[in-house]
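What follows draws every value from the coordinates through simple rules; no lab data is involved. Given the structure is predicted, the values throughout are model-derived calculations rather than measurements. Here the Cβ positions follow ideal geometry from the backbone for every residue, glycine too, while neighbour counts run over all protein chains shown.
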Amino acid sequence: MLIQGAISSVVDGLMALLTVSLMLFYSPALTAIAVAALAAYVLVRLVSFALERDARASAIVLHGKEQTTLIESLRGITTLRLFGREVFRHALWQSRLTDAVNADLRISRIGIWQGSANGLIFGLEGILTLWLGMRMVLTGAGFSVGMMLAYLAYKGQFLGRAASLIDQGIAFRLLDLHLERLSDIALSPEDRCFAAGAEIETPLVGSIAFKDVFYRYAPSEPLVLTGVTFSIAAGEHVAITGPSGGGKSTLVKLLLGLVEPQDGTILIDGMSIARFGLRSYQAQIAAVLQDDTLFAGTLADNVALFDDLADMDRVRAAAAAAAIDADIMAMPMRYETLVGDMGSTLSGGQKQRVFLARALYRQPRILVMDEGTAHLDAEHERQVNAAIAAMNITRIVIAHRRETIEAASRVLIMSDGQTRELER
């Protein structure tokens with residue numbers, strides 16, 4: 001739009017000025033008719049612009065809703081089948097598809113209306129110009145047939161170039177619809193991972209301290225964390241528990257450097273994350289989160305997370321520590337077994353152990369698990385805990401199961417955005 005449109009707009013503008021000057025030299029009266037027709041065209045375009053802008057904005061939103069419904073339905077087809085809601089969901093998608101198609105039809109109707117109005121305006125202008133021009137020729141008013149033909153040629157160039165210039169201006173204005181949506185991303189603050197100082201490399205020991213940390217997800221949202229203060233020594237095993245909605249998962253995001261606190265300080269080995277180096281910190285930690293996913297590829301690819309220089313001995317060692325190696329070796333293709341869509345071929349417990357193996361493959365100094373063993377049976381959880389305990393790394397576990405909590409050396413209870421230590 002900017003490269004091609006700007007050049008054509010300049011050329012169209014210059015040609016329109018040149019041709020209207022020549023038209024005035026031939027006949028100011030006939031030129032006035034052409035200029036009046038152009039003014040009517042501008043009026044029609046301004047009226048249709050407001051209608052078209054609203055229609056296009058509505059179409060963008062409705063197409064987004066239709067695509068969202070379709071993708072959600074495909075992802076959740078098992079739940080829909082289980083609850084017998086396929087017909088209802090299909091009807092909902094059809095309804096939103098109909099709304100999106102109707103929005104496109106509204107845009108088309110506006111275009112048809114605009115085209116009809118333009119045809120009427122320029123049609124009447126052509127008839128009036130031809131009638132008046134031929135009358136001037138027949139009455140001998142100093143206007144010859146040759147001059148009439150030359151004027152009509154200039155007039156065609158003027159109206160075509162001027163209309164193209166106006167259309168280009170309208171197209172530039174319609175870009176706002178897309179730019180407004182892109183601005184949410186394009187004008188967002190740069191991610192901390194790319195900020196100055198993020199590449200600082202610092203060896204991690206593993207101590208963590210939160211000092212009066214406050215956090216909320218948006219300025220209009222209530223505080224999720226309200227003055228959280230605690231410390232964890234290097235190599236310590238700490239369990240964090242509490243009622244759902246108390247802020248545990250938010251605490252994990254802060255701990256992993258995924259979000260920044262609104263107020264307060266998070267210290268890693270006595271330094272702020274900014275001083276420590278965010279990328280260096282995240283390269284030396286690992287996590288198993290509630291919303292972790294597997295990717296299309298082999299099990300080995302998922303454990304190494306598609307590392308170009310994956311070490312199979314290290315992959316197997318991580319899988320053994322996560323108590324999944326025996327399961328993988330029992331499969332026909334072993335570590336070359338292909339993972340289905342988001343791990344649909346694996347059980348919940350197997351997926352969770354693959355997530356844990358992926359975290360252990362990094363050989364982290366800090367391991368964070370947000371309900372990381374919730375899908376494991378007691379025996380597998382015991383094996384995993386024993387293997388991780390032998391690594392002598394800092395472990396932070398978000399859990400509700402009594403066995404998981406009792407395995408920790410310290411327990412923090414989180415409720416209403418604050419933490420307190422459980423006396424044992």
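A few points about this structure:
- Exposed loop sites here are GluC sites (Glu not before Pro) assigned a DSSP state other than H, G, I, E or B and surrounded by at most 12 other beta carbons within 10 Å; excluding them, the longest clear run of the chain is 202-422.
- The modelled label-to-label distance between residue 314 and residue 102, using points 7 Å beyond Cα along the C-beta direction, is 5.7 nm.
- Stokes-Einstein D in µm²/s, Kirkwood radius over Cα pairs - the chain at 25 °C with 0.890 mPa s viscosity: 88 µm²/s
- A simple count of charges around residue 323, restricted to other residues whose Cβ falls under 12 Å of its Cβ and scoring Lys, Arg +1 and Asp, Glu -1, yields -3.
- Helix 378-389 and the longest principal axis of the C-alpha atoms of the chain enclose an angle of approximately 90°.
- Computed from point charges on the beta carbon alone (+1 for Lys and Arg, -1 for Asp and Glu), the dipole magnitude for the range 10-125 about its Cα centre is near 520 Debye.
- Whole-number percent relative contact order across the range 175-264, with pairs defined as alpha carbons under 8 Å at least 6 apart: 26 percent
- Rg in Å to one decimal, and Dmax rounded to a whole Å, for the range 245-385 via C-alpha atoms: 16.1, 53
- Averaging the sequence gap over all C-alpha pairs within less than 8 Å and six or more residues apart, then dividing by the number of residues, gives the range 208-421 a relative contact order of 32 percent.
- In the range 1-156, the ratio of gyration radius to Kirkwood radius, Rg to Rh, stands at 1.30 when only Cα atoms are counted.
- Residues 131, 113, 93 in ascending order of nearby Cβ atoms (within 10 Å, fewest first): 131, 113, 93.
- Which of 265, 241 has the fewest Cβ neighbours within 10 Å, and the rest in rising order: 265, 241
- Put in line by how crowded their Cβ is, counting other Cβ atoms within 10 Å and starting with the fewest, 414, 15, 1 read 1, 15, 414.
- Between the Cα long axis of helix 145-186 and the first principal axis of the chain there is an angle of about 20°, rounded to the nearest 10.
- Cα-centre dipole for the range 289-424 with unit charges at Cβ (Lys and Arg positive, Asp and Glu negative), debye to 20: 380 debye
- GNM top mover of 40, 323, 304 - the chain, alpha-carbon springs below 10 Å: 40
- With respect to the chain, whose longest principal axis is taken over its alpha-carbon atoms, helix 348-361 is tilted by about 90°.
- Using C-alpha pairs under 8 Å with a sequence gap of at least 6, the mean separation divided by the residue count of the chain gives a relative contact order of 17 percent.
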